[in-house]
Each structure stands twice: as structure tokens, then as C-alpha cells.
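No value in this document is a laboratory result; all are computed from the given coordinates. Keep in mind that this is a model prediction, so the values were computed, not measured. FYI the Cβ positions are ideal-geometry reconstructions off the backbone, even for glycines, and counts take in every protein chain you see.
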Amino acid sequence: MNFKYVREDLEKQIKKEFPKFEIIDKRDSKLMKLLAKILFFNKTFMTSYITVIGSKVYVPKLPWKKTNPFGAISVLSHEWVHMKDGKRLGFMFKFLYLFPQILAPLALLGFWNPWYFLFALCALPLPAPWRTKFELRGYTISMAVSWWLLDRRPDFDFYAKQFVGPAYYWMYPFEDYIRERLEEEFERIRADRLEPHEKHIKMFFLEKFNTIYYNGARKINNGINYFS
Ligand SMILES: [Zn+2]
């Protein structure tokens, strides 16, 4: 199985759906340097995080994951879900993703009416319910892709840690609950009860494996077993 070509085709496929899709070196981006300052609590924002804004994907450096095409496939599939959600929800995606911290600048109105200073509290690492929801959708695809392509079960602890730590500004406080949700989502994937965007992404991989990368696919139940 040649993940290098799958990766190339995945990038082409995303580009077809999002013509402005591009992978950019974080070090070349003023916006990312500014964000690194705002996100000072995340010390490795520039060096170990992938950030998607609209359909631009910012990576620590280019070339990116040249020797680990499966890793790139996993990350890009996750970002693809964010792009799809962004397209569906427009401005609200950005607003909800950044809620409640996005309300903090309203504190500036405190100079007009001191009650507004209370909005400064929004800058604290308060739970971010919608960010949690969007990231759960993203990590569900990360788990699904490993399952579909490698027959690999997820490391639920690793995923749960992403939700409760500084990576996403402590977006969710209850590790046990999020772990349960991740397990539920994985079971749903295994049972092939897919949401439309998941179906679309799975179909892309199926098509690739049926045509180019895999010969000798064998049919199982409701699809093709393309990881053997
Ligand atoms: Zn994400």
C-alpha cells in the first residue's frame, strides 16, 4: 500500500473542494507569529501544531511529513473536517470555535460602562463547548482513518489528553467523559454508522484503494476490506 500517492491524491481532492487550500510554512506567516504570541501558554504552537484557518493549513515547516505520508493523511483528514464545518457554518464556525474567549475584547467597552470589564473573565481557560464539539468531529476522523487504512485501534488516552490540556486552551475539563465520548464515536465508526461528511471521506479512500493502490481487494459485509 503506497501512502505517498494516497496523500498526493488526498491533497488534490481537498483542493478540488477548497480551491484555496494550501499548506503553508508557519515560519513564513506573520499571522502565525502573532498567534504564537497570543497563545503564549502553548509553548510548542510553532513547532508541533498544525493550525487551519479557512482552507489554509499551517505546518511547523515545509516540506512536511515527507517520510510519514500516513501521518499527513491522518492530519489532513482531520483538517478537512474543520474546513467542511467552516464552509457549512461560515462566520459562526470561527465564532463558536473561539467562544467564550472571543468575547474578552468586549472588556474594552468597560471604559464606557464598567460592567463590561467583566468580559475580561472570558480570557480565562473556561470550557469551550463548541470547540470541544468541533474537535471531537476532527479527532473522530483521525480515529476512523487509522481504523480504515491500518486496522489500528485508537489510543483513547492520547486523544482525551488533547481536550483537557493546554493544546486547545483547556477546552474541556472532564477527561473521563471525553474519553467515553471518543470510545462511543469509535464504535459508531466501526459499525459504519457514518455521518455524511464521514461517508464522503471514506468514499474517497475506498475509491483510491479500489482503483490504484490496492489489487486483490476482498469484499466484506458492507464494503471493501482494504487494509489487509
Ligand atoms: Zn482540530
message = Return the residues of segment 159-175 that are out of contact with any Phe, Trp or Tyr (no Cβ under 8 Å at 6 or more places or on another chain) and either more than 28 Å from ALA123 (Cβ to Cβ) or in contact (Cβ under 8 Å) with a residue 12 or more places away in the chain (or both); say none if nothing qualifies.
response = ALA160, LYS161, TYR168, TRP170, PRO173
remark   = If we keep only residues of segment 165-179 that are surrounded by fewer than 19 Cβ atoms within 10 Å (Cβ to Cβ) and of a type in the set (A, V, I, L, M, F, W, C), then the residue nearest to the ligand (Cβ to nearest atom) is ALA167
remark   = Residues of segment 136-158 being part of a helix (DSSP H, G or I) and without any contact (Cβ under 8 Å) to a residue 40 or more places away in the chain, in sequence order, are PHE156, ASP157, PHE158
key: Filter result for LEU76 (over 17 Å from the mean Cα position of the chain (by Cα), surrounded by 15 or more Cβ atoms within 10 Å (Cβ to Cβ) and in contact (Cβ under 8 Å) with a residue 60 or more places away in the chain)   = no
ask   = within 14 Å of the chain's Cα centre (by Cα), within 16 Å of the ligand (Cβ to nearest atom) and of a type in the set (Asp, Glu): does that describe GLU198?
value = yes
The listed residue being more than 16 Å from the ligand (Cβ to nearest atom) and either closer than 20 Å to TYR168 by Cβ or buried (at least 18 other Cβ atoms within 10 Å of the Cβ) (or both), out of LEU126, LEU89, LEU98 = LEU126
